[in-house]
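The block underneath contains the structure these notes are about, expressed in structure tokens.
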Amino acid sequence: MAPTSAAALLTAAAAALMVMAALQLLAAAAPPRAPIGLPTNCSTTCGNVTVPYPFGLGPSRCYWPGLNLFCDRSLRPPRLLLGDNGTLRVTEISIQKATMRVMSTGSIINATGDFVSDGWNASFDRSFTEYGYMLATGLNEVVVFGCNVAAMLLADGTGEESPPGIIGGCASFCTKTDSDGKFSIATGDVTGMSSRQCTGTSGCCRSLVTVASPPREVQAKRLYSGSDTVEEELPVNVFVAEKGWIDQLDDMSVRADEVKEVPFVLQWSVTQGLWQQGELGLCADDIRRKLCKSKNSKCTTAPHTTKGYTCVCDRGYQGNPYLVGGCQDIDECKLPREESFCFGECINTIGSHYCRCPHGTYGIPVLDGGCDKINSTADALLPTVAPTPLGLPNCSTATCGGVRVPYPFGISPGCYRPGFNLTCNTTYNPPRLLLDSNGTLQVVDIFLHNSTVRAIHHTRIVPDGFTSEANGTMKAASFQFPDIGESYMLSSRNEFIFFGIGVQATLYGKKYRNDSGNSNITGCVSTSTSIPLKYGHCSGSDACCHAPIFAGSTPKKMEFKVLMDNIFGYNMPLAFISEEGLTAQWWDIIMSRPPAFFMNDSATPRYFSSPLVLQWAVKQGFPVPADNTGQCPVDVQRDLCKSEHSDCRHENGGYTCHCHTGYDGNPYITDGCQDIDECKITTTKCFGVCKNLRGNFKCRCKLGTFGNPSKPHGCVSLSTALSKFIQKNKVGLSAASGPVLLLLILGIMLVPRKIEQHRLKVLKQKYFKQNRGQLLQQLMSQKADIAERMIIPYDELAKATNNFDKARELGGGGHGTVYKGILSNLHVVAIKKSNITVQKEIDEFINEIIDPQVTEEGDEEFPEVAALAASCVSLRSEERPTMRHVEHTLEGLRGSTKYKKDDMVPAEFENDSNVINSASSAKEDQRFEESSRRYSLEQEMR
């Protein structure tokens, strides 16, 4: 064989093996088929009827004792009969309902042609009642045809000594007509079968069987009127039939005595081979283990009797609980919405399912139209001079399902800070951004400016979670709030909402994050003062109330106290946590529903999708200080807030970063905060000429106009202003008024300019005081040469930097921009200009400037003076020295200076505590002491 042929065969064989492996994996992934009967060659069908275990055909090993059936295969199609030689034809067996639908031959009593008897009795076949078969309650009815006839259905009692009793019956009369003064029966009433006439007065009556019991016999008796003997010649027929059977024969023109088969429903249970525990309810463990072989199943006594047991699959499962592996998960999402009670987004789970409102909505998804659209309040992207980064440079995933994911949040590894990893679930369309591991918190908005996250909390309330007091006046339920992690906590922008009438609702849990026990978080009382109900802002009088919750609280339990009888009090209460301001929407969603919603089946869970607001802060990796001053340590500011134009705050139990005023973007990323171009924002209050500045903007009137450019039509031309002034003051135009008008024009032109100059002068004085200029003057008062070099007017600084030309920029510091400057004496200097407005950072900027400048420019003692000045302007009181300490430090510096001037070595006086100065030195000391005391007093008063 050629090598190429061998290679081709090997490739084909490998492909075949891969296909086979894939098919095996698919087969392994598919759920196993639910068994029907025992696997020991037992037939499970007869004709078109399925025969599930514990029923069976053939050998006794194929069925539970007493539940054997017979398949008559001599007929086409084969017929399934009850018992070995039964006369009841089985058409359906339900394991879940423990019922069997059978067909009986004709009526129980057929008195056609019997014109003599006054009554009739017909007994049921005892062969099927002894194995636990009973007439199913609510599913059968007694139907009587005839004139002036009463019929009763009797059944044996279900107890040991219970006497027979009537479980159904009715009386049938016929309409009489007047003919030649004689009353006669309208025989047409009984010639056909019509449910519309089966009312008891038209030759037909019906009565529902209300008790599940073994049927004993049917008794019928004529009720003679003595006015007409024709009624004796009319037929009498009594049926025990499935409820609604007569309705199906509505259009059939058939006489009652011509009916061939009638259906009715039996209720069955397992009675043989098990001991009788003698009480209703769940089975004993040994009975359950012997009878109910499947997982996810339970055993109960037969309804209304202690004789017999049945097995059922747990809620969320279906199949045969009598067989191993018989109960299989139900895919509720494939059921009609009316059956699954999910009008939103259905997600199947093992043994259950979740129902959530669709993407971008909130509400109650178990209601048709119960989900309302949520209004997004995401951060608006402001126009910036340069683009603002969203995530880290090497992280491409910055959005999920239309939701922006800014750093410190992230999806991929290495793209988020610890505690801020999110999950983008792409199995949804569109994808969903999830916060918690089990997917109950869906993120819809992330805010950097106020450090919050907006999420939809998908949860459910089930009756199994409720506990009640014996008298039913108090109910409690666990609150299913997910573990949101260390970085998040509930915001005070949420509230507790409750719907009910005459009920007090209380929410318990941890009021603060570090609480150890459960305390009362919040609560309210809801009642109603008007019918029909009208929305009253959930004030407590419109079947709705709401109450605020504490920021950082953790709900654990809800408690409801019934204050009056109402449909809300004795059923599942409606209580949840939602973002504040949505009570009107919740009221429309819930209270516009029929009462059946509040009285629904206890097996139906109640799903909620409610919006929440969570606060967040960076905590992992940084020590949290004990105080709550709102300030961040310098190392936290440096390591967390990477952008130049940003600051750090201590809030929400951790640290957050924020762009400076006039900047927007992501402060957690280098160059993340960019200057906002306010002139491109339509909401900017500038109706003149707008000029964007770094971190700010300037608004001026157009050339040739003056006034207030921040107001609409605030800038006017000179001619317009004069015209208005003349009209207002009725100034006459004459030769004498010419000089007045000229002065008026000059005044109008000069006054605004003078006002602006005065404003700038006051602003400079304010900044001089704010930046500790007076303190610097005092410190330098004894060194005039240094003072001249240290205190430089702003105009000279502007001139030295060519009006702070961008070409002169050398770089940027933590709080400003450094420029190269050339002073008037041709000295080249570095000038740092602050570009911040936060007071705390102004203080840091001052300390940053004073220390190195004084160190370089002053003599040897000036570094110590600079350090002393820096400590004096500290914002923290514990770091500022006292007046006495400042005075002693300055005196010490003064003494050391004098020693050096006199060529004296300080070491000579180390052991000499008494130093005598000259008279001139004493005067200098006195003058310096007075200056030092004045400085200390001024600083202390500040």
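Sites listed here are trypsin sites (Lys or Arg not before Pro) in region 630-734 whose DSSP assignment is loop and whose Cβ has at most 15 other Cβ atoms within 10 Å: 685, 694, 702, 730. When you restrict to C-alpha pairs under 8 Å that are six or more residues apart and normalise by the size of region 245-393, the relative contact order lands at 12 percent. The charge dipole of region 305-366, taken about its Cα centre with unit charges on the Cβ atoms of Lys, Arg (+1), Asp and Glu (-1) only, comes to about 140 debye.
Report the gain in length on full extension from residue 670 to residue 476: 0.36 nm times residue separation, minus Cα-Cα distance, nm rounded to one decimal. Before the final figure, lay out the partial values.
Details: separation 194, 0.36 × 194 = 69.84 nm, distance 5.10 nm.
Stretched fully, the residue 670-residue 476 segment lengthens by 64.7 nm.
Given their separation in residues at 0.36 nm each and the Cα-Cα distance between them, residue 74 and residue 563 gain 169.2 nm when the chain is fully extended. Work through the residues other than residue 98 whose Cβ is under 14 Å from its Cβ and net out their charges, Lys, Arg +1 and Asp, Glu -1. Within the 14 Å Cβ shell, the charges total +3.
Neighbours of residue 402, meaning other residues whose beta-carbon lies under 11 angstrom from its beta-carbon, give a summed charge of +1 when Lys and Arg score +1 and Asp and Glu score -1. Got a number for carbon plus sulfur as a percent of region 333-373's accessible area, 1.4 Å probe? Using a 1.4 Å probe with all protein chains present, region 333-373 comes out at 53 percent carbon and sulfur.
Beyond a 28 Å Cα-Cα separation, which of these cross-linked pairs lie in this structure: 685/820; 691/761; 642/820; 761/806; 698/764; 698/820?
Details: 685/820 35 Å; 691/761 22 Å; 642/820 25 Å; 761/806 25 Å; 698/764 18 Å; 698/820 26 Å.
From 685/820; 691/761; 642/820; 761/806; 698/764; 698/820, over 28 Å: 685/820.
Any idea of the accessible area per residue across region 333-373, 1.4 Å probe, to the nearest Å²? Display every interim value, and only then the final one.
Working: 2040 Å² over 41 residues.
Solvent-accessible surface per residue comes out at 50 Å².
Each 10 Å bin from zero holds the following percent of Cα-Cα pairs in region 599-721: 12, 24, 18, 17, 14, 10, 3, 1, 0.
For a Förster distance of 41 Å, can you work out the FRET efficiency between the beta-carbons of residue 518 and residue 399, rounded to the nearest 0.05?
Values: r = 40 Å, r/R0 = 0.97.
After rounding, the FRET efficiency stands at 0.55.
When Lys and Arg each count +1 and Asp and Glu each count -1, what net charge do the other residues less than 11 Å away from residue 833, Cβ to Cβ, add up to?
Working: positive: 694, 808, 832; negative: 809.
Once positives and negatives cancel, what remains is +2.
Taking 0.36 nm per residue of separation and subtracting the Cα-Cα distance, full extension of the segment from residue 105 to residue 117 would add 2.0 nm. The simple spin-label model puts a point 7 Å past each Cα toward its Cβ; for residue 386 and residue 286 those points are separated by 8.4 nm. Each label point was placed 7 Å from the Cα along the Cα-to-Cβ direction; for residue 295 and residue 762 their separation is 8.1 nm. Calculated FRET efficiency, residue 450 to residue 679, Cβ-Cβ distance, R0 = 30 Å: about 0.75 to the nearest 0.05.
The values are calculated or read from the model by the stated rules, or taken from the named source; none is laboratory data. Small disclaimer: the values here were computed from a predicted structure and weren't measured. All Cβ positions, glycine included, derive from the backbone under ideal geometry; neighbour counts span all protein chains shown. Surface accessibility is based on the protein's heavy atoms, side chains included, excluding ligands, DNA and RNA. Shrake-Rupley method; radii C 1.70, N 1.55, O 1.52, S 1.80 Å.
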